[in-house]
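The block underneath contains the structure these notes are about, expressed in structure tokens.
The values are calculated or read from the model by the stated rules, or taken from the named source; none is laboratory data. Please read all numbers here as calculations on a predicted model, not as lab measurements. Cβ placement follows ideal geometry from the backbone for every residue including glycine, while neighbour counts extend to all protein chains displayed. Only protein heavy atoms, including side chains, enter the accessible area calculation; ligands, DNA and RNA are left aside. Shrake-Rupley method; radii C 1.70, N 1.55, O 1.52, S 1.80 Å.
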Amino acid sequence: MKITVLGCYGPYPPAGQCCSGYLLQDQETAILLDCGNGVLSRLRYYLEPWELSAVIVSHLHADHYGDVAILKYALMLHQQAEPLTVYAPAEPQDIFSSLNYKTFLKAEPVNETTELKIGRMQISFTPAVHSVPSYLITVTAGEKKFVYSGDTEYSPFLAAAVAKADLFLCEANFLEEDLKKGAQNHLSAGQAGQIAREGGVKRLVLTHLFPERDPGLTVREAQKEFPDCELAQPSSVYEL
Ligand SMILES: [Zn+2]
């Protein structure tokens, strides 16, 4: 499988960039993993929105689903024949319902019991720790395993969810100094590195980068726990 970074900032973007969005592809399947604000524009460098097999949203915060509200116009004006399914947590219910649009978008709920098979990819969901229901998303295809953290606080169970992943794409919105000041709902870069180390992952990529911070601070903090890590960048491609 191939993962292309479309957007890697949160909870809002710097100039000319966008929030969370990752294109997951193999020969027959193209899945959009999160569809934050601005992602649709970058997606079009690679394929058209009506060529997607599915959209999977980790949680219903606008930096992860905001462009679904624009995607619906593209599908409608293209006269897409079949609805595109948007898989997402069912809460908050009003936001979940808003993901449906005429015959063009269909929202399907996911939770920790959901097992999707889309093309050759098997997709499962692990509850994260966040202010709304949010899930780590695990994608396996053959021997390969990819895990995307969505947004989460630290919890000791996260290491098991990412165990032996070939690639762990993990949010690192904070630094340790933010946690000491009481910041909540996200991981520090150090915690992202700790989870990667505890889970024995092969490769760690840090994402959900805070737009006002020197990204060098983020990567250096994570490297103290997991030396072989790097920052997500728009247009980065990872082949597993
Ligand atoms: Zn976020």
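Please go through segment 60-79 and pick out each residue that is open to solvent by 20 Å² or more (accessible area, probe 1.4 Å) and either more than 16 Å from the ligand (Cβ to nearest atom) or within 19 Å of residue 115 (Cα to Cα) (or both). Passing the criteria: 69, 70, 72, 73, 74, 76, 77, 78, 79. Among the residues of segment 206-230, those identified as among the hydrophobic types (A, V, I, L, M, F, W, C), part of a strand (DSSP E or B) and under 19 Å from residue 64 (Cβ atoms) are 206, 209. Being loosely packed, with under 14 Cβ neighbours inside 10 Å, more than 16 Å from the ligand (Cβ to nearest atom) and modelled with pLDDT of 95 or more is true for just one of 82, 51. Which residue is that? On inspection, the qualifying residue turns out to be 51. Of all residues in segment 177-205, those being farther than 19 Å from residue 140 by Cα, in a loop (DSSP other than H, G, I, E, B) and not small (Gly, Ala, Ser) number 5. If you check 21, 10 for being of a type in the set (Gly, Ala, Ser), touching a residue at least 24 places away in the same chain (Cβ under 8 Å), out of contact with any Gly (no Cβ under 7 Å at 6 or more places or on another chain) and within 16 Å of the ligand (Cβ to nearest atom), only one passes: 10.
The residue that is nearest to residue 185 (Cα to Cα), counting only those in segment 208-228 that are of a type in the set (A, V, I, L, M, F, W, C) and either open to solvent by 30 Å² or more (accessible area, probe 1.4 Å) or touching a Lys or Arg at 6+ places or on another chain (Cβ under 8 Å) (or both), is 210.
Pairing each residue of segment 45-73 that is closer than 16 Å to residue 93 by Cα with any residue that is assigned to a helix (DSSP H, G or I), provided the two are 6+ apart or on different chains, yields C-beta distances under 7 Å for 57/64; 57/65; 58/64; 60/95; 60/96.
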